[in-house]
Structures are given as structure tokens and as C-alpha cells.
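Single-structure report; data block below.
The values are calculated or read from the model by the stated rules, or taken from the named source; none is laboratory data. Since this is a predicted model, take the numbers as computed values, not measurements. Note: ideal-geometry Cβ built from the backbone for every residue, glycine included; neighbour counts use all protein chains shown. Accessible surface areas use protein heavy atoms only, side chains included; no ligands, DNA or RNA. Shrake-Rupley method; radii C 1.70, N 1.55, O 1.52, S 1.80 Å.
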Amino acid sequence: MDKDTKFALLVIAIPLCGLIYCGSAIAVMVYSSYVREHPLTFGTLFLLIPFATGAFIWLRASAKAYRVNETGRIKN
């Protein structure tokens, strides 16, 4: 897969995944009485899932870039 295809997939997939995630979170909040009784807990959970995922991806990419700059090649 070339760089342009990866970028196009990224530009299309991230907003689509965000919409699906937000829709599923709203659906869970609407249909589950337990979630409605504990909004602070589940709001925090719904906030932390995308934040933790983004942080993991960011740190992994940064570590890979750091290794490339240190050695001049990619180590797995």
C-alpha cells in the first residue's frame, strides 16, 4: 500500500470510526438504565477509551521514529 492510499484511508477511517464510537456511546447511554444511573463513571470511561488509544498510537509512532533517528534504520 503506497503513502497516498494510506493517507486517504486514514482521512476517511478516523472520522468514520469516531462517528461509530460516538453513536454507540449515545446508544448505550439511552438504552441502559445502569449507565444513566452512573453518568460520571461511564462518561469518564467513554472519554478515556479514545484518549488511551490515541496516546498508545502516538507513543508507539514516536518510539519508532526515535529508533529510526538513533540508528538510521527500523528495528522491530
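Report the label-to-label distance for residue 48 and residue 34 in nanometres (one decimal), using points 7 Å from each Cα along the Cα→Cβ vector.
Between residue 48 and residue 34, the simple spin-label model gives 1.7 nm.
Between residue 14 and residue 69, what is the spin-label point distance in nm, taking each point 7 Å from the Cα along the Cα→C-beta axis?
Simple spin-label model gives 2.0 nm for this pair.
Would you work out what percent of the accessible area of the chain, with all protein chains in place, is carbon or sulfur (probe 1.4 Å)?
In the chain, the share of accessible area belonging to carbon and sulfur is 72 percent.
Among 66, 20, 50, flag the residue with its Cα farthest along the positive direction of the charge dipole of the range 1-69, charges on Cβ as +1 for Lys/Arg and -1 for Asp/Glu.
66
For volume of the Cα convex hull per residue in Å³, several values are listed as (1) 91; (2) 115; (3) 123; flag the one computed from this structure.
After the calculation, the listed value that fits is (2).
Divide by every residue of the chain the summed helix terms, -39500 (n - 2.57) for each DSSP H run of at least 4, and state the resulting mean residue ellipticity at 222 nm, rounded to the nearest 500 deg cm²/dmol. Each step should come with its number before you reach the end.
Values: 3 runs with 67 residues, N = 76.
Mean residue ellipticity, 222 nm, calculated: -31000 deg cm²/dmol.
What is the spin-label model distance, in nm, from residue 3 to residue 58 if the labels are put 7 Å beyond Cα along the C-beta direction?
2.3
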